[in-house]
Amino acid sequence: MASQPVFKRTYVRTKPYPEKKVRIVNELKELFSKYENVFVIDIHETSNRVLQEYRFWLRRRGARVIKAKNTLVLIALRQLMGNVSEDIEKLFTGENLLIFSNENPFELAKWIWGTGVRREAMPGDIAPFDLVAPAGNTNMSPGPIMSKFGKLKIPIKVQDGKIWIVKDTVVVKKGDKINEDAAEILKKLNIKPIFETLKIKAAILKGKYVITVDNLKLDVGTYRSMIEDAVRYAFNLAVNTAYPTPEVLRVSIAKAHMEALNLAVNARYVTPETAQYILAKAVAEANALAAVIAPKAPELGLQVAQQPQQVKTEEAKAEEKKAEEKKEEAGEEKKEGPSEEEVAAGFSSLFGS
């Protein structure tokens, strides 16, 4: 016997939506159309003071902050976009706050994480640093509260009808959990040790694309280094290909000038710019050749011009010695001087014979 097909029953709303909900959906659609991105913020267990502080500063940055039911937000997105991806649907669970903004989402996320609000400690919070009860007048009157000072081992005394703390005392060490007694004493002392920021779930771009919280956290130093490397490589490539831009042409022209000058000097092409280099090179080669021939043919009466010796520093001598040792280790042979064939060729080119 063939099994009967199972039909899935879908809910179809027959009653019109309440006017208030319709107004909210229309407002959400308008906001999604007006702003480039929206941040979904998890506000579960976020204090009202923190929310109010952020609302104030976000409004000054040109953002719009709104709290709406998840179902209404999804309805607005479906009506506006036609459909909603599964990644977006997953974001709208629990208590959420929406921040609509045209600001760069990465810059706004960085600002949110860097602009926290200090609040009073609550039982269960973790101490971000050593929490110290400072010495001095607490302005508290003696009473049952003194027993809590005793539990926390804070030395006190009564003076002029007020409780005084004898010396600075660590109430909670960094990394430890804050208990109920410690939270109460810190509140009485007006110590607000907890730095709280909004908890970003993700950012939605243009109602379609999701940037997760992990991808919103940028390592600025790494990206800066990557961009600097890219600029350096691009500039090097542009110079080697002589790509004509104002930045590259300055280097390319200087490079071309040096290469042309070097070619002209080696080719003995005399110009006002190359003459001094050609003459200097000829003199150096003539002196080198004369230094080789003079001892072997004294009858020629060749005079070898002495080159001025540069005074070497101890550091330069040490570097030179290291270089010589490396050459010897590599098995390089030191030349005592040019061969007879080299001498003859140099003599011929010098005197034109």
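The values are calculated or read from the model by the stated rules, or taken from the named source; none is laboratory data. None of these values were measured; they are calculated from a predicted model. Heads up, the Cβs are rebuilt from the backbone with ideal geometry, glycines too, and the neighbour counts pull from every protein chain shown. Heavy atoms of the whole protein, side chains included, go into the accessibility calculation; ligands, DNA and RNA do not. Shrake-Rupley method; radii C 1.70, N 1.55, O 1.52, S 1.80 Å.
When Lys162, Lys148, Lys167, Lys188 are checked against the criterion of being over 28 Å from Leu58 (Cα atoms) and crowded, with 16+ Cβ neighbours inside 10 Å, Lys188 stands alone in meeting it.
If the condition is being open to solvent by less than 20 Å² (accessible area, probe 1.4 Å), over 30 Å from Asp130 (Cα atoms) and more than 22 Å from the chain's Cα centre (by Cα), then the range 193-212 contributes Ile204, Gly207. Going through the range 105-154 one residue at a time, which ones are under 20 Å from Thr169 (Cβ atoms), outside any loop (DSSP other than H, G, I, E, B) and either of a type in the set (Asp, Glu) or in contact (Cβ under 8 Å) with a residue 24 or more places away in the chain (or both)? Residues satisfying the conditions are Ile126, Leu131, Val132, Ala133, Gly136, Asn137, Ile145, Lys148, Phe149, Lys151. Just one residue in the set Glu228, Glu273 is acidic (Asp, Glu), in contact with a helix residue (DSSP H, G or I) (Cβ under 8 Å, 6 or more places away or on another chain) and either part of a helix (DSSP H, G or I) or open to solvent by 60 Å² or more (accessible area, probe 1.4 Å) (or both); that residue is Glu273. For the range 77-93, the count of residues that are in contact (Cβ under 8 Å) with a residue 12 or more places away in the chain and assigned to a strand (DSSP E or B) is zero. Here Tyr233 meets each of (1) closer than 30 Å to Gln303 by Cβ; (2) loosely packed, with under 11 Cβ neighbours inside 10 Å with one exception, condition (1).
All conditions in (1) in contact with a Gly (Cβ under 8 Å, 6 or more places away or on another chain); (2) at pLDDT below 90 hold for Pro128, with the sole exception of (1).
Within the range 26-41, the set of residues being crowded, with 19+ Cβ neighbours inside 10 Å and out of contact with any Pro (no Cβ under 7 Å at 6 or more places or on another chain) comprises Leu28, Phe32, Tyr35, Val38, Phe39, Val40, Ile41.
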